[in-house]
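Report on the structure given below.
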Amino acid sequence: PPQSYVAYLWAESSWDVPLFHAQHVMNLIKRLLFAALSVFANFGILYFHWTTPPHPKFTVLRKSRVSIRLHLISGTVNVLLPIVAFCDSNKTRVVAICWVTYFVDFAHLATVIHQTPNVNGQRNLTVPAYQFISCVKLVSACGLLYALCDDSLKMLEKVEWLWCVWANHQTYAWVRVWLKLLHKVQACRESRYTVSVLIAGTIGAGQAYGFTVMTEMIAWLLVFNWVLKRNTYALVARFSPKKQPTAEERAKLNLEMSAILQYFHESHHSLFYDSRYKSQASLVQKTLFDLGFISVTSDKRGRGGTETLVFAPLRDIPDEVQARCFFESIDFDNSGGLDLLELAQVFITNGASTECTTAMCKLAFENFESNNDGMIDLNEFKLAFKPYYAYQFNEVYTLLKEAPRLLKNVINAPFQSAPSGCPFASQHMLPMD
């Protein structure tokens, strides 16, 4: 009689566990645990991504917006549809699901390749890890195509390739699982995403193809970093004063150098988790305090009384204020305008690739820079990057609300002690050249 893939695996396993069947039973148990935990994690992930806007670095450019939407739709299909095939005994339906999964997986793979240069984490590790996972996805999809076209293979052998596709697709689910776990135990504060990607990559690819593919992933990480360092040294050599680059060429070199050095630093969703921007949160706090969106109330009950910070609801803070707060926090020289490098540094620090950064800066300077002074002022920034400043303001506002004791100390600090009005400004300057 026809059997589903799950029923076949269950029936073929010997639960008496004689010696020659022990490995088969252990493999079945591993698959059951992997599938159950992956499905559980995916429901939370799908809910999050369908209800939460993506990071603005994926929405500023039209091509990026199309890519992220296709990524979400294809990812959802490839998470849910194979589960139906695993539990179905109807050969026609299973084959149809395999074909749909094959085509959708290639669409998803294209979006992964497009977005990989813009991932977060320490990108000399996360970028090659995602590249390797993409290669494994490609091998799995090609294997599934071969199985579907080979009439000599049994149906369950075809579905085995579908399992490889699905197992490798669970990598991101396990990234989120490890992120939650590391956050829960307060471990790896500065490198949680990087650690999570590396562990999840070995879990997904390892479940599909075993230990060998894990060693190949390690080898690719080493090769990628060797090439990256060679490119870094070659770029440094281009800064030789003997070559005498023009101002435009030097600006381009500075942008390339900033982007390549960011590979060796952790990139976060929030700009204000980065060490170069962290102290700039005090500028946001000062502006909001001056405008009355943050206030101090005194509770005189008890001895000495206590002071409590009161934050206005985020929805009550106008877009103009949000834009101004974020703009001032990234305008390091307090010139009232962002030059190319100041603007590019924001995107690069957020993990955007050189190509994506260049495209977003070009969009701003060509379409919104109206007075031709080579700078993006507050009004121009507000028009060009509303998704960006709204997202980052929400992040820093949450950060400020979660650090009331730090804020209290900042509020009582002498803001006029430094030329820029930031008590830490003299100790925190970002070299742009």
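The values are calculated or read from the model by the stated rules, or taken from the named source; none is laboratory data. Just so it is clear, the structure is predicted and the values come from calculations on it, not from any experiment. Don't worry about glycine lacking a Cβ; one is built from the backbone with ideal geometry, like all the others, and counts go over all protein chains shown. What goes into the accessible areas is simple: the full protein's heavy atoms, side chains included, and nothing from ligands, DNA or RNA. Shrake-Rupley method; radii C 1.70, N 1.55, O 1.52, S 1.80 Å.
Pick from the stretch 291-316 the residues that are at pLDDT 75 or above and over 21 Å from Y391 (Cβ atoms): which of them is farthest from the chain's Cα centre (by Cα)?
Among residues in the stretch 291-316 that are at pLDDT 75 or above and over 21 Å from Y391 (Cβ atoms), the one farthest from the chain's Cα centre (by Cα) is T297.
Any residue at all in the stretch 189-198 that is of a type outside the set (F, W, Y) and either at pLDDT below 80 or exposed (fewer than 15 other Cβ atoms within 10 Å of the Cβ) (or both)?
Checked against the condition, which is being of a type outside the set (F, W, Y) and either at pLDDT below 80 or exposed (fewer than 15 other Cβ atoms within 10 Å of the Cβ) (or both), the stretch 189-198 yields at least one hit.
Do we have any residue at all in the stretch 220-233 that's surrounded by fewer than 18 Cβ atoms within 10 Å (Cβ to Cβ), more than 23 Å from the chain's Cα centre (by Cα), more than 27 Å from F58 (Cβ to Cβ) and modelled with pLDDT under 85?
There is no residue in the stretch 220-233 that is surrounded by fewer than 18 Cβ atoms within 10 Å (Cβ to Cβ), more than 23 Å from the chain's Cα centre (by Cα), more than 27 Å from F58 (Cβ to Cβ) and modelled with pLDDT under 85.
How about the stretch 288-404: which helices (runs of 4 or more DSSP H) wholly inside it have at least 2 residues that are of a type in the set (S, T, N, Q)?
319-330, 340-349, 354-367, 386-401
Residue check, V100 against (1) without any contact (Cβ under 8 Å) to a residue 40 or more places away in the chain; (2) in contact with a Pro (Cβ under 7 Å, 6 or more places away or on another chain), all met but one. Which one?
In the conditions (1) without any contact (Cβ under 8 Å) to a residue 40 or more places away in the chain; (2) in contact with a Pro (Cβ under 7 Å, 6 or more places away or on another chain), V100 misses (2) alone.
Just to be sure before I move on: is N124 modelled with pLDDT under 90 and on the phi < 0 side of the Ramachandran plot in the structure I sent?
no
Out of A85, A35, A41, report the one residue that is of a type in the set (A, V, I, L, M, F, W, C), without any contact (Cβ under 8 Å) to a residue 60 or more places away in the chain, more than 30 Å from V346 (Cβ to Cβ) and open to solvent by less than 40 Å² (accessible area, probe 1.4 Å).
A35
Do we find that S270 is within 30 Å of L198 (Cβ to Cβ), open to solvent by less than 60 Å² (accessible area, probe 1.4 Å), modelled with pLDDT under 85 and small (G, A, S) in this structure?
When the stated conditions are applied, S270 passes them.
For the stretch 135-154, give me the residue count where each residue is polar (S, T, N, Q) and open to solvent by less than 10 Å² (accessible area, probe 1.4 Å).
Total meeting the criteria: 1.
List every residue pair whose Cβ atoms sit under 9 Å apart, with the two residues 6 or more apart in sequence or on different chains, where the first one lies in the stretch 271-284 and is over 15 Å from D333 (Cβ atoms) and the second, anywhere, is assigned to a loop (DSSP other than H, G, I, E, B) and open to solvent by 50 Å² or more (accessible area, probe 1.4 Å).
Y273/E190; D274/H265; S275/E190; S275/H265; S279/F424; S282/F424
Would you pick out the residues in the stretch 54-69 that are in a helix (DSSP H, G or I) and crowded, with 16+ Cβ neighbours inside 10 Å?
Result: P56, K57, F58, S64, S67, I68.
Which of the numbered conditions does D373 fail, given that it passes all the others? Conditions: (1) free of Cβ contacts under 8 Å to residues at least 24 places away in the same chain; (2) open to solvent by 20 Å² or more (accessible area, probe 1.4 Å).
Result: D373 fails condition (1) only.
For K362, only one of the following conditions fails: (1) in contact with a helix residue (DSSP H, G or I) (Cβ under 9 Å, 6 or more places away or on another chain); (2) basic (K, R); (3) modelled with pLDDT of 85 or more. What is its number?
Answer for K362: the failing condition is (1).
What about N124, is it open to solvent by less than 30 Å² (accessible area, probe 1.4 Å), in contact with a strand residue (DSSP E or B) (Cβ under 6 Å, 6 or more places away or on another chain) and under 30 Å from L261 (Cα atoms)?
Here the answer is no, as N124 does not meet what is asked.
Answer yes or no as to whether A281 is modelled with pLDDT under 85, within 23 Å of P117 (Cα to Cα), among the small types (G, A, S) and in a helix (DSSP H, G or I).
Spelling it out, it is not the case that A281 is modelled with pLDDT under 85, within 23 Å of P117 (Cα to Cα), among the small types (G, A, S) and in a helix (DSSP H, G or I).
Taking the stretch 108-143 as the search range and keeping residues that are free of Cβ contacts under 8 Å to residues at least 60 places away in the same chain and touching an Asp or Glu at 6+ places or on another chain (Cβ under 8 Å), which one is farthest from T59 (Cα to Cα)?
A141
Of the conditions (1) open to solvent by 80 Å² or more (accessible area, probe 1.4 Å); (2) over 23 Å from the mean Cα position of the chain (by Cα); (3) without any contact (Cβ under 8 Å) to a residue 24 or more places away in the chain, A237 satisfies every one except a single condition; which number is it?
The failed condition is (1).
Mind listing whichever residues of the stretch 155-172 are closer than 24 Å to N124 by Cβ and either small (G, A, S) or open to solvent by 50 Å² or more (accessible area, probe 1.4 Å) (or both)?
Passing the criteria: only Y172.
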